[in-house]
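Here is the structure we will look at.
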């Protein structure tokens, strides 16, 4: 029986994993050909994404959205990534403090605003405040 509401994840029964091997996605080897160095914004290269998509049928890794003001689906992908990675910044404060961490470099490559920048933009009125802010 699952409990509904916000606490559903806490009360979910964990599956029994004795003797069962979980299928993992095949990752390309960590070489310069497939992964971008941290200084260049971390993440996979085009060759890495192609190889990953080939080895894992049904997957559809896409290039990062690096333009300043994307439109349509690209804008929603960027917004989603920036929101997810902002959560990682909270979960991994050590990486959040280090400007050279892969997390910070990837956020920089995606042009994600830092928390201070977002609040400043709200204060200037360039971003409309949501009702629950």
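The values are calculated or read from the model by the stated rules, or taken from the named source; none is laboratory data. The shown structure was predicted, so the numbers you read here are calculated from the model rather than taken from an experiment. Virtual Cβ from ideal backbone geometry, glycine too; neighbours counted across all protein chains shown.
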Review point. If you scan the stretch 92-123, which residues turn out to be modelled with pLDDT of 60 or more, surrounded by fewer than 10 Cβ atoms within 10 Å (Cβ to Cβ) and part of a helix (DSSP H, G or I)?
Key: 93, 94
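Given the condition closer than 13 Å to residue 106 by Cα, in contact (Cβ under 8 Å) with a residue 24 or more places away in the chain, out of contact with any strand residue (DSSP E or B) (no Cβ under 7 Å at 6 or more places or on another chain) and surrounded by 10 or more Cβ atoms within 10 Å (Cβ to Cβ), answer yes or no: does some residue in the stretch 22-31 qualify?
Start the filter on the stretch 22-31 by keeping residues that are closer than 13 Å to residue 106 by Cα, which leaves none.
Among the residues of the stretch 22-31, not one is closer than 13 Å to residue 106 by Cα, in contact (Cβ under 8 Å) with a residue 24 or more places away in the chain, out of contact with any strand residue (DSSP E or B) (no Cβ under 7 Å at 6 or more places or on another chain) and surrounded by 10 or more Cβ atoms within 10 Å (Cβ to Cβ), which makes the answer no.
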Practice item. Among the residues of the stretch 78-102, count how many are within 21 Å of residue 34 (Cα to Cα) and without any contact (Cβ under 8 Å) to a residue 40 or more places away in the chain. Key: 1
**Study point:** Conditions (1) under 14 Å from the mean Cα position of the chain (by Cα); (2) loosely packed, with under 13 Cβ neighbours inside 10 Å; number of the one not met by residue 54
**Key:** (1)
**Study point:** Filtered residues of the stretch 62-77 (kept if over 20 Å from residue 101 (Cβ atoms) and either surrounded by 14 or more Cβ atoms within 10 Å (Cβ to Cβ) or free of Cβ contacts under 8 Å to residues at least 12 places away in the same chain (or both))
**Key:** 65, 69, 70, 71, 72, 73, 74, 75, 76, 77
